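One structure is given here, and the rest of the page talks about it.
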Amino acid sequence: MVETALCAFCESSNLKLITDTVRFDHKADVYQCEDCGLTFLDQSSFKFPEDFYQSDYHQTYLTHIEPDAVDPQKYFDKMLKATRIWADRLIPTLKGDEKVLDVGCSSGHFMSLIKDHVGEIHGSELNQKEIAFCREHLGFDVSDQPLEQRFGAGQFDVITMIFVLEHIAQPVEFLNHLKTLLKPDGRLVILVPNVKDALVNFYDLPEFKRFYYCIEHLYYYDDKTLGRLLSDCGLRGDVQIVQEYPITNHINWAYTRGPSDVLASRRGVPNVPLDASVPLDAWENLWAEFNRLYSRFLKEHGYGDRVWCDVRKV
Ligand SMILES: [Zn+2]
């Protein structure tokens, strides 16, 4: 029991300290609420650097494993591949004439993947280099201006937030604000990391936990806590757990005790040199089959590394 911190959702003081040290050895307290189940970073335990998202985010957050992240073009090329599975999930649900807003659009990779499947698309971003890249190289309408200054109420058919909500300090206020921008039957599509990730809970890998919790992620949602947040904000719909990373990523973590880069970590076959004579297709099919079995196993036991939400105003 901790006296000083309170649950960010239910204000309970019945908290379990998960860790007091996060990625890059930053000192910050992460708690899980014993009453409502929310896992969150105690924002009073840590001072967030000023203008972090305007300038520093990718430079400090990603470049230890991905030096490319500081170059918007290289980051865009890489994320175009990494984000495709989420675009492929969204595109079949679109009619083709929607007005879309991508909040936290970064280098514009997700916008690029869906732009030909919607009527009109706009982006919101804080990072100055990425805003310039989106405008000058991709021709997108992207800005860091407050949304209410750019758009009137009730304009959007779809608002997407791909790995953004976990960074938002006041999610209730933020979601309520986004709701005002949605048409009456508009959709909010949200993707966040799931704290029920097998690398956090199934395996006992202190190195992964030290990597997983970080100062940028203020909330560590799962399907239940995020579902409740959305419901509290008057948003209902589909909230489901998805496993993105393949079995090879988990094996890699287990043996190397460290992360791989964005694309390497998503490769579904082991990173092992093969003789030129091997039947490559059969080898890849074998690992695809392992991966299907593994994903099913994780799902059956309540694990998964992402939460995908597709919700509407009640
Ligand atoms: Zn709570």
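Over all alpha-carbon pairs in the chain, figure out the percentage whose distance exceeds 31 Å.
On the way: 15903 of 49141 pairs.
Cα-Cα pairs of the chain separated by over 31 Å account for 32 percent.
Can you tell me the convex hull volume per residue for the range 202-248, based on C-alpha atoms, in Å³ to the nearest whole number?
Values: hull volume 5.3 nm³, N = 47.
Given the Cα convex hull of the range 202-248, per-residue volume reads 112 Å³.
Would you please report the Å³ per residue occupied by the convex hull of the alpha carbon atoms in the range 67-184?
Taking the convex hull of the Cα positions in the range 67-184, it is 109 Å³ per residue.
What separates the Cα centres of the range 237-314 and the range 125-202 is a distance of 26 Å. Working note: 222 nm ellipticity from helices only, DSSP H runs with n ≥ 4, each -39,500 (n - 2.57), summed and divided by the residues of the chain, gives -9500 deg cm²/dmol to the nearest 500. Just need log10 I(q)/I(0) for the range 185-314 at q = 0.15, 0.17, 0.21, 0.22 Å⁻¹, Debye formula, equal scatterers on the alpha-carbon atoms, no solvent, rounded to two decimals. Once normalised to I(0) and log-transformed, intensities are -0.80, -0.96, -1.24, -1.31. Divided by 2.2 N^0.38 Å, where N counts the residues, the Cα radius of gyration of the range 1-54 comes to 1.19.
The per residue volume of the convex hull around the alpha-carbon atoms of the range 133-204 is 143 Å³. Compactness of the range 223-282, taken as the C-alpha radius of gyration over 2.2 N^0.38 Å, stands at 1.77. Normalising the Debye intensity of the range 126-259 to I(0), with uniform scatterers on Cα atoms only, and taking log10 at q = 0.10, 0.14, 0.21 Å⁻¹ returns -0.44, -0.81, -1.27. The lysines whose alpha-carbon is closer than 27 Å to the alpha-carbon of K27, local same-chain residues fewer than 8 away aside, are K16, K47, K196, K209.
Where a number appears in this text, it was derived from the coordinates with a stated rule and is not lab data. Quick caveat, the model's predicted, so the values are computed rather than measured.
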